[in-house]
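Novice: Can you read through this structure? Questions will come right after.
The values are calculated or read from the model by the stated rules, or taken from the named source; none is laboratory data. A quick note: this is a predicted structure, and the numbers were derived from the prediction, not measured. Here the Cβ positions follow ideal geometry from the backbone for every residue, glycine too, while neighbour counts run over all protein chains shown. For accessibility, only protein heavy atoms count, side chains too; no ligands or nucleic acids. Shrake-Rupley method; radii C 1.70, N 1.55, O 1.52, S 1.80 Å.
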Amino acid sequence: MQYEITLPADYDMSIIRERVATRGHALDDRAGLGLKAYLIRERGAAGSPVNQYAPFYLWHDAGRMGEFLVGGGGFQGIVGDFGRPVVQHWTGLAVEAGPARRTAPLAAPLAASRLLTPMPASADPAEQVAGALAELRDLGGAQGLHTAALAVDPHHWRLVTFALWEREVPAAHAGAERYEVLHLSAPGLASLPRGRAW
């Protein structure tokens, strides 16, 4: 799940940094949550065309996600401060733990990337997903990778590959959107299933 709050070009991003510093720990022990990465993009930094606050979540439990969004479980703070953003959500296909997470599980990642890949109607979805799963397995061994996930959006028929990085997004992933990670809430990180979800 992810929502993107695009802010004015002259917005003072220190406001978002302060928000995360003071409120970010609220989900550090949230039941049903694998992880929440508090992400920002700053206009001009790492090629970003916008100022944006764009948290990304991996949930263990869709019911807990629903509680968070509409059951008084926390999302009302976003709605109250920024209005109600569109919330993108995908069906999870696979998760990989990278070398940075295996060697230093308490080290918080500093960067993230998101790659959206269209699934053409002329191609077999099973073949496209099989190829993406193989790429995710390969990505799982990338130096500096903390965690990577693959999901599918069957409404728009596209894949999303989300990755957390120890320090920075490698140059090899130049086609992906890049984010700075301000905080990582990861109450269920260790129990996120590794590999393909079925």
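Novice: Dipole of the stretch 1-90, Cα-centred, from +1 at each Lys and Arg C-beta and -1 at each Asp and Glu C-beta, to the nearest 20 debye?
Specialist: Dipole size: approximately 80 debye.
Novice: Which loop-located GluC sites (Glu not before Pro) does the stretch 138-198 contain, where loop means any DSSP state but H, G, I, E or B and the Cβ has at most 16 other Cβ atoms within 10 Å?
Specialist: Answer in residue order: Glu168.
Novice: Over the Cα atoms of the stretch 87-198, each weighted equally, I'd like the Debye log10 I(q)/I(0) at q = 0.11, 0.16, 0.18 Å⁻¹, rounded to two decimals.
Specialist: -0.34, -0.72, -0.90
Novice: Per the helix-only calculation at 222 nm, which mean residue ellipticity applies to the chain, given -39500 (n - 2.57) for every DSSP H run of n ≥ 4 and division by its residues, nearest 500 deg cm²/dmol?
Specialist: About -6500 deg cm²/dmol.
Novice: For the chain, what's the relative contact order in percent, using C-alpha pairs closer than 8 Å and at least 6 residues apart?
Specialist: About 31 percent, as a whole number.
Novice: If you don't mind, there's one more thing I want to ask. If you roll a 1.4 Å probe over the heavy atoms of the protein chains, what accessible area per residue do you get for the chain, in Å²?
Specialist: 51 Å²
Novice: Related question: How compact is the stretch 146-190 by the rule of thumb for globular proteins, expressed as Cα Rg over 2.2 N^0.38 Å?
Specialist: 1.33
Novice: Measure off, as a whole percent, the carbon and sulfur share of the 1.4 Å-probe accessible area of the chain, all protein chains present.
Specialist: 54 percent
Novice: Continuing with this model, one more query. Based on a Kirkwood Rh over C-alpha pairs, give the Stokes-Einstein translational diffusion coefficient of the chain at 10 °C and viscosity 1.306 mPa s in µm²/s.
Specialist: 92 µm²/s
Novice: Charges at C-beta only: +1 for Lys and Arg, -1 for Asp and Glu. How large is the resulting dipole of the chain about its Cα centre, in Debye rounded to 20?
Specialist: Roughly 240 debye for the chain.
Novice: Let me ask something else. I need to check one value: relative contact order of the stretch 22-87, counting alpha carbon pairs closer than 8 Å and at least 6 residues apart, in percent.
Specialist: That works out to 25 percent.
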